Structures are given as C-alpha cells and as structure tokens.
1. When residues of the stretch 163-190 are filtered for being farther than 23 Å from SER148 by Cα, crowded, with 21+ Cβ neighbours inside 10 Å and touching a strand residue (DSSP E or B) at 6+ places or on another chain (Cβ under 7 Å), how many remain?
2. Out of the residues in the stretch 227-249 meeting the condition of being among the β-branched types (Val, Ile, Thr) and either closer than 21 Å to VAL198 by Cβ or in a loop (DSSP other than H, G, I, E, B) (or both), tell me which one is most open to solvent (accessible area, probe 1.4 Å).
3. Among the numbered criteria (1) at pLDDT 95 or above; (2) assigned to a helix (DSSP H, G or I); (3) surrounded by fewer than 19 Cβ atoms within 10 Å (Cβ to Cβ); (4) out of contact with any Gly (no Cβ under 8 Å at 6 or more places or on another chain), which single criterion is violated by ALA150?
4. Looking at the stretch 250-268, which of its residues are basic (Lys, Arg) and in a loop (DSSP other than H, G, I, E, B)?
5. Among the residues that make up the stretch 298-307, is at least one of them open to solvent by 30 Å² or more (accessible area, probe 1.4 Å), on the phi > 0 side of the Ramachandran plot, touching a residue at least 40 places away in the same chain (Cβ under 8 Å) and small (Gly, Ala, Ser)?
6. Within the stretch 73-97, restricting attention to residues that are farther than 18 Å from MET178 by Cβ and of a type in the set (Gly, Ala, Ser), which residue is farthest from the chain's Cα centre (by Cα)?
7. From (1) free of Cβ contacts under 8 Å to residues at least 60 places away in the same chain; (2) in contact with a Lys or Arg (Cβ under 8 Å, 6 or more places away or on another chain), pick out the condition that doesn't hold for GLN235.
8. Sort out which residues of the stretch 308-327 are outside any loop (DSSP other than H, G, I, E, B) and either of a type in the set (Ser, Thr, Tyr) or open to solvent by 70 Å² or more (accessible area, probe 1.4 Å) (or both), and write them in order of number.
Amino acid sequence: MKRIVLCAAAAVLALALVGCGQQEAAAPAADNTAAPEQQAPASDAAGADDAVPGPVTFTDDLGNEVTVDNPQRVVACMGSFANAWELAGGTLVGVSDDVLQAAGWTIASPDVATVGDFASVNLEAIIALDPDFVIMTSGTGGRGGDSSQADLRDALVGSGIPVAYFQVTTFDDYLRLMRTFTDITGREDLYEQNAAAVEQAIDDIVAQVPAENPPTALVLTTFSGGTRVQAPETQTGAMLADLGVNNLAGENRSLLKDFSLEAVIEMDPDFIFVIPMGDDAEAAMRNLEEATAANPAWSSLSAVQNGRYITLDPTLYLSKPNAHWSDAYQGLFDSLYGQPARG
C-alpha cells in the first residue's frame, strides 16, 4: 500500500516555493515458492494488486451466468473449493464441515462458520451469514444420497445472493476454476503461482512418459462396506491416462457396478492402485484385505507378486489436490516407472 508523505512547504530566501516530496515504500517481491500442504495464502499476500477488482461475469458449470463484484463474504460448500478460493487470494465467512474435518485442508480465514455437511448444507445457515457470493458443487448425490446443492439455487438467487456451481474432476477443471476465482479476486500472480506453475510441472512429468509398452492398471476405492472399481474418467483415472496407462476398467465396464475379484484376477493388471475412503481408512483397507485373502488366487496376481499393489493417499487422489496436483502426478509416475521424473 502506497504511503504518501506530504512535506511542509518552506520558503528559502523568499524565492520559489519548494514542492512537497513523495515517498513510496518498496513492495515486497511475490512469493514464488511452492505452497505447503494445502496452505492457503493470506489475501494480502505479497504481489497483490492495489487496484480493487471490479464486477466479473462468467458462466458456471451448470450454464448459469453469474456476476460478482469484489465479494468479501464468501461461503464455500466443499473443502476443495474453500481451499481454492483462498489460493486465489479470497477470504471466507462460511464453509462446509468437511473443510475443517477432513485431512489435508488448512483454512486461513479467521472466524469461519460452518454450514453443514457438503452433501446436505444448511440453507438457513448460509443465508444467516449474509454472503455476497456462494460457491457450490454441481455434482449430485453427495456421498451417494439424493441431496444436491443445485436444489438450493432458486432460494439463494431469490434472496439476492450470487451463487456459482463448479465440477472439478481433472486438472484442466482445476485450471478453469482458478482462472475464474483469480479473475474475481484480481490476483493474476496467484494464478501463476498456484495454477500455471503447477501446469508446467505436470507437463514436465508427462513429457518423460515412455512412448512404448504402456502398463495396465486398475484403480479401486475401498470403504468399510465394500470395494469398487473406479472408472477411467475419474480424477485418478484421468491422471493415469495422461501418464500413458491402459486402464482395464475401460474394457470391462461391468466391473464399475459389480466388483468381482475373479474378473480382476482374470485381467491381471500390471498395477493395482487402492484408495481408502471414508472416516476410517484402516477399516476400509481391512475390508479389502479380508476379501482378497479369501481368494487364494489373489496372491498370484502380477501386481501383488511384483510389489505393484499400491495404496494411494486419499488427500491427493480422492480429495482434489489443488496446488498439489503435480505432487499427485509425480507420485503416480514414480510408482509406474520406478524413478522420479527429472525436472
């Protein structure tokens, strides 16, 4: 922030009036270092533009035209969106419960209120915060239920509250989200730091993928009640495709509905990646281990015999990694090709 120091005018030997001096404090350099684990930058971080952002109009992922004007009372109804908004230089007054409960998120905004679980956010709690922008997910069903945040749009718009819906599955989706958020906050520097720089790191990793002999893989999500095979179009599936992997789930779509150990054994993928989900990761993994132990043929799988039965960190491969997408790509590259990608 510029500080203008006005100097008192003085007459010297009755000659011309001496003009006032102006002093400007040097702005600190922008921080180009990588953000710590899901650490959101403060809204007044180095590199911020002094100009106040004006109105921004954009189309959200439900096709709605939304206009916001330098919002200061923002509610984010999903953990990854709350983190992304702060990475874009914004502050929050309200968040869904998962922001504060799930591992991996760090929220810097002070005195943030909660508005309920992201699968069933509380409309009254949101409105009570007098928000000037609400960020919601366009995904339906939450954790498999019937609720949808899109059902709340009419009530919010009717109350004069701008609301936008986003769906982030792939890294390209994250880039689009950050482009919108940083347009709203006027923080191009944070787009460069938390989006463009991450994109370059991912491009560097992908460029080193071998062109021949693509490995085969399956991705499983396991929870206390069972195990599922992930579709190739999921977050981790999209990363594996970028890394040259042949996801066998694309060849056997029936696996997506009915998990079958026998079918997995028959396909014999080179890699099996497992992502525990739910509040009890240990119970989730125990469920899968008990199921696989019941079938002696499981130990004959190539992935099991070759140490390629790999558990993935859900904070990178189930939650959205945001500024750490390149870490997620790096981890998969290391597992697939046996050595770190050279930067």
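The values are calculated or read from the model by the stated rules, or taken from the named source; none is laboratory data. Note that the coordinates shown come from a computational prediction; the quantities given were computed from them, not determined experimentally. Positions of Cβ are generated from backbone atoms using ideal geometry, with glycine treated the same way; all protein chains shown enter the neighbour counts. In case anyone asks, the SASA skips ligands and DNA or RNA and just uses the protein heavy atoms, side chains included. Shrake-Rupley method; radii C 1.70, N 1.55, O 1.52, S 1.80 Å.
1. Residues flagged as farther than 23 Å from SER148 by Cα, crowded, with 21+ Cβ neighbours inside 10 Å and touching a strand residue (DSSP E or B) at 6+ places or on another chain (Cβ under 7 Å) within the stretch 163-190 amount to 1.
2. As a first pass, look at the stretch 227-249 and keep what is among the β-branched types (Val, Ile, Thr): 227, 229, 234, 236, 245.
If we keep only those that are either closer than 21 Å to VAL198 by Cβ or in a loop (DSSP other than H, G, I, E, B) (or both) too, we end up with 234, 236, 245.
Details: THR234: 39, THR236: 1, VAL245: 19 Å².
Taking the candidates together, the pick is THR234.
3. Of the numbered conditions (1) at pLDDT 95 or above; (2) assigned to a helix (DSSP H, G or I); (3) surrounded by fewer than 19 Cβ atoms within 10 Å (Cβ to Cβ); (4) out of contact with any Gly (no Cβ under 8 Å at 6 or more places or on another chain), the odd one out for ALA150 is (1).
4. First pass over the stretch 250-268, keeping only residues basic (Lys, Arg): 253, 257.
The answer is LYS257, and nothing else.
5. Let us first name the residues in the stretch 298-307 that are open to solvent by 30 Å² or more (accessible area, probe 1.4 Å), namely 299-300, 302, 304-307.
Next, from what is left, pick out any that are on the phi > 0 side of the Ramachandran plot: 307.
So of that shortlist, the ones also touching a residue at least 40 places away in the same chain (Cβ under 8 Å) come out as none.
Checked the stretch 298-307: no residue is open to solvent by 30 Å² or more (accessible area, probe 1.4 Å), on the phi > 0 side of the Ramachandran plot, touching a residue at least 40 places away in the same chain (Cβ under 8 Å) and small (Gly, Ala, Ser).
6. The qualifying residue farthest from the chain's Cα centre (by Cα) is GLY94.
7. It fails just one condition, (1).
8. Start the filter on the stretch 308-327 by keeping residues that are outside any loop (DSSP other than H, G, I, E, B), which leaves 309-311, 314-317, 322-327.
TYR309, THR311, THR315, TYR317, SER326, ASP327, listed by residue number.
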